[in-house]
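The block underneath contains the structure these notes are about, expressed in structure tokens.
Every read-out reported here was derived from the displayed coordinates using simple, explicitly stated rules and does not represent laboratory data. These figures come from a predicted structure and were not determined experimentally. Glycine also receives a Cβ, built like all others from the backbone with ideal geometry; neighbour counts cover every protein chain displayed.
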């Protein structure tokens, strides 16, 4: 394959082509779903191919992608990518450009502890069926599912600057959910929440303690049917890691994607309140808030030695001591902003265009345990397990509902509340952060399902966080 | 063209103990992304995929093959046959689809070929010139797709269909204030696109956007919902009309079949045959996709149900999935509706809606692409984007007036997969719409 890609690059080298790159990926995917204790879906695709060719001509990118890797298809894609760039340049005001990078060569082969594609099917199904049986409908539990998604992706990248990379990674997404119902009311609980994916194989089910939490989610779903809603107008809230990962994702991650500043994602994903003039001066959060993008950490789904336009993996501070100091960029946008590219250009599959994407976007840990943080909270709520999320076009106004809230009184959890909902304005919210737990509570929380771009893509990415506390947050939404 | 599908069919027919559904999808897109009144990317993509679901008694296994060939098919089938006996049963599975009816053939152009890149660029350049006179620039997408599919199953179904959606989304954004307005065109026949009407509609919105920007307090407002908003609320409402939602005890419509749920002037159908819409010939599994009354004169009439849930829940099957939602128009003109509002809002478009409790139809979301203040029957200001927290059932209960004509609205669904669909809806006047906070931004 390496030679095949080099041959394509050789064909793309011509005076009219300023820059070009080629990606090829092969993806295995397996999806297993048990519903109400029964196997509802077992589907598989093996070694699904994809190729994407991108060329920069006359200051405009053209792209062509396909699942067909035949020689005839490749010739057609080269021609189409060039035609697309040439036609695109006819409707253009400012030609696109960026500085050349030195060539980089990289090879990374990830090996999970338990390869989900190589392990015995019986062992895999037995485990999942056992889980499904443990949460199947009974009494007030009226619906349940156990879902597992396994992915292996091998990817090759090469560009006309001479860079080349070859990587293989395994990703797993495990999830279980129960719905309780009584007298027209329904409530649900999941484990371990919607940011449950990881750079791992089947071992992720064991590490996330699925078997140990089946009784907990059934009991909590049933208890929620009779739980009150929050009666406070404002309250201090401690947000658990799984949900804080999504709060970070929506109100910092997407907001600091620089393609949004220039309107490249307006029609679907939206804009951002962040402007280039804010860099270095804007107080995004409190002094204890440090947020960085780190594509060099192989524990997260966002790891890469080289991004999808040839920039080596980097760790970049986005927010330092509460101040916005950088953004997630492409080579072109970094050049326009006078920044170094942050290595955030990623495509879901080789036949997708690369977009500015979160990789491993993390909040640096603070100090202390979750237990200590709860103990130091006089009155508030500990919220986790995302139920509803929504944020505006500019990533400024958000509203989240979690599946459950744990009421804290005098430093102790005393009861639960249903559908706890809080809302706020992004900078005000992050400036209200007065405590972040320490390294011992810090972990990656990851997703397979970050939607962005047109044509649509879903990205696998991670957030490293520890639970954190936010003061005086609006928790009253009139329904 | 379908030699790989027929190769797979022949291989499966050697196993009479199996039931199967196989389908081939061939898909192409020609996708122009633009920003700041210039090209961002021209993208071409294509794919050929063969999918197969095998059933042995009550055991089921599925596989998909991109860019198939006989060797890949042999390998995937061998693995499937090797695994299927070891799988646990799904006791609710009974049979694959047996609806033999064929949809009438539609005359369709391949719009990728019919609308050249030069023509797209000419249209966008012309619109950009008009917008620039008001210091607005254009952002958006101009998309043409071509899609062909053929489905064969062990009950003798052999059904082919094709579609070629066009989607033009133009957002005009003011260079200084960032005020944004939206105009779209969608369908499968470009003869319905008239650039001068499109330009006139866009320019009217740009003129409204020249009003001052204000903020409003949370509270209940009388609102005029643009057709796009009403259609999107209806699409979310339709979640509860699916048999799968009923099965999960998450449906608002549980125990409400043939019950009056909305005012009698509310009629919602799922209709794939309107020539202005993006058509759909067959539903999931191959059942013919025909017009289905969902809400008729305010009365809930039907759950959307496929073969699987037909057997499991005993509901009539219909193959519908709310891909072609139409809301019947009413009697008022838009100007009459706006002039009857003392103080309220005109909402152009919605953003990032998500259910809080689907059974109660409660959700939150935001306004986008032009929210306007109406005072004494006139649009007087642009309003910052607003958050609402509502029950969709309550929104439809509170509709007091519908416009006397419906517009066709395309939707580009980019979450998880790229897909273009359409809906039809009139403007609606709604009382007591619950605004819960302001975004403080445009």
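Rounded to two decimals, what ratio of Rg to Rh does chain B give with C-alpha atoms and a Kirkwood Rh?
1.00
Given an 8 Å cut-off on Cα distances and at least 6 residues of separation, report the relative contact order of segment A:182-245 as a percent.
Computed value for segment A:182-245: 54 percent relative contact order.
Distance from the Cα centre of segment A:263-340 to that of segment A:23-48, in angstrom?
33 Å
Specify the inter-centroid distance of segment B:21-57 and segment B:351-430, based on alpha-carbon positions, in whole Å.
Value for the Cα centre distance between the two parts: 29 Å.
At q = 0.12 Å⁻¹, what is the base-10 log of I(q)/I(0) for segment A:35-131 according to the Debye formula with one equal point scatterer per Cα and no solvent? Please give it to two decimals.
Taken in order of the listed q values, log10 I(q)/I(0) reads -0.72.
Calculate how steeply helix B:117-132 sits against the longest principal axis of the alpha-carbon atoms of chain B, using the helix alpha-carbon long axis, and give the answer as 0 to 90 degrees to the nearest 10.
Rounded to the nearest ten degrees, it is 20.
Calculate the translational D of segment B:3-208 in whole µm² s⁻¹ from Stokes-Einstein, where the hydrodynamic radius comes from the Kirkwood formula applied to all Cα pairs, the temperature is 10 °C and the viscosity 1.306 mPa s.
So the translational diffusion coefficient is about 78 µm²/s.
Counting only other chains, and only Cβ atoms inside 10 Å, what mean value do you get across the residues of A:268-274?
The mean count of partner-chain Cβ atoms within 10 Å per residue comes to 4.
Please give, to one decimal in nm, the separation of the simple spin-label points placed at residue B:109 and residue A:72, each 7 Å out from Cα toward the Cβ.
2.7 nm
At 0.36 nm per residue, and after removing the present C-alpha to C-alpha distance, how many nm does the segment from residue A:113 to residue A:168 gain when stretched out fully?
18.3 nm
For segment B:213-438, give me the percentage of DSSP beta bridges that are antiparallel, rounded to the nearest 5 percent.
85 percent
Which whole-number percent gives the relative contact order of segment A:234-474, counting Cα pairs below 8 Å spaced six or more residues apart?
Worked out over segment A:234-474, it gives 28 percent.
With 10 angstrom as the radius, rank B:420, B:214, B:299 by how many other C-beta atoms surround their C-beta, starting from the fewest.
Listed from fewest to most nearby Cβ atoms, that is B:214, B:299, B:420.
Quick one: order A:306, B:81 by neighbouring beta-carbon count within 10 Å, fewest to most.
B:81, A:306
Roughly how tilted is helix B:227-238, in degrees to the nearest 10 and between 0 and 90, from the longest Cα axis of chain B?
Value to nearest ten degrees: 40.
As an exercise, use a Förster radius of 45 Å and the Cβ-Cβ distance of residue A:225 and residue B:276 to find the FRET efficiency, rounded to the nearest 0.05.
Computed FRET efficiency for residue A:225 and residue B:276: 0.50.
Give the shape of segment B:118-266 as rounded, prolate or oblate, defined through the alpha-carbon gyration tensor: a ≥ b ≥ c are the square roots of its eigenvalues, a/c under 1.5 means rounded, and otherwise the shape is prolate if a/b is larger than b/c and oblate if not.
oblate
Using just the alpha carbons, could you tell me how many Å³ per residue the convex hull of segment A:2-224 encloses?
181 Å³
Given a cut-off of under 8 Å on Cα pairs at least six residues apart, what relative contact order in percent is computed for chain A?
Worked out over chain A, it gives 15 percent.
Go ahead and collect, in residue order, the members of segment A:233-250 whose backbone nitrogen is under 19 Å from a label point 7 Å along the Cα-Cβ direction of residue A:472.
Counting backbone N atoms under 19 Å from the label point, the list is A:233-239.
Which angle between 0 and 90 degrees, to the nearest 10, do you get for helix A:2-12 versus the longest principal axis of chain A when only C-alpha atoms count?
The helix A:2-12 is inclined about 60 degrees to chain A.
Could you tell me whether chain A comes out rounded, prolate or oblate from its Cα gyration tensor? Rule is a ≥ b ≥ c as square roots of the eigenvalues, rounded for a/c under 1.5, then prolate if a/b exceeds b/c, otherwise oblate.
oblate
If we restrict to alpha carbons, what Rg and Dmax does segment A:242-386 come to, in Å?
16.3, 53
Quick one: order A:463, A:194, A:243, A:379 by neighbouring beta-carbon count within 10 Å, fewest to most.
Least to most surrounded, the residues fall as A:379, A:194, A:243, A:463.
First check a/c for segment B:249-297, with a ≥ b ≥ c the square roots of the eigenvalues of its C-alpha gyration tensor; if it is under 1.5, answer rounded, and if not, answer prolate when a/b is larger than b/c or oblate otherwise.
Judged from the Cα gyration tensor, segment B:249-297 comes out oblate (a/c at least 1.5, b/c at or above a/b).
Once you compute Rg and the Kirkwood Rh from C-alpha atoms, what is the Rg to Rh ratio for segment A:334-479?
A ratio of 1.02.
Gap in Å between the Cα centre of segment A:154-221 and the Cα centre of segment B:71-101?
If we compute the Cα centre of each part, the gap is 26 Å.
Give me the number: length gained by fully extending residue B:135 to residue B:89, i.e. 0.36 nm times residue separation minus the C-alpha to C-alpha distance, one decimal in nm.
Full extension from residue B:135 to residue B:89 adds 10.2 nm.
Roughly what % of DSSP beta bridges within chain A run antiparallel, to the nearest 5?
That works out to approximately 90 percent antiparallel.
How many nm separate the modelled label positions at residue A:122 and residue A:283, each set 7 Å beyond the Cα in the direction of the Cβ?
6.5 nm
Starting from the Cα of residue A:367, step 7 Å along the direction of its Cβ; do the same at residue A:335; then give the gap between the two resulting points in nm.
Here the modelled spin labels are 4.6 nm apart.
Just from its helices, what would the mean residue ellipticity at 222 nm be for chain A, if runs of 4 or more DSSP H residues each count -39500 (n - 2.57) and the sum is divided by every residue, rounded to the nearest 500 deg cm²/dmol?
Computed ellipticity for chain A at 222 nm equals -5500 deg cm²/dmol.
Can you tell me the length gained on complete extension of the stretch residue A:321 to residue A:100, counting 0.36 nm per residue apart and subtracting the Cα distance?
76.3 nm
What Rg and what Dmax come out for the protein assembly as shown when only alpha-carbon atoms are used, in angstroms?
Radius of gyration, then largest Cα-Cα span, for the protein assembly as shown: 26.7, 74 Å.
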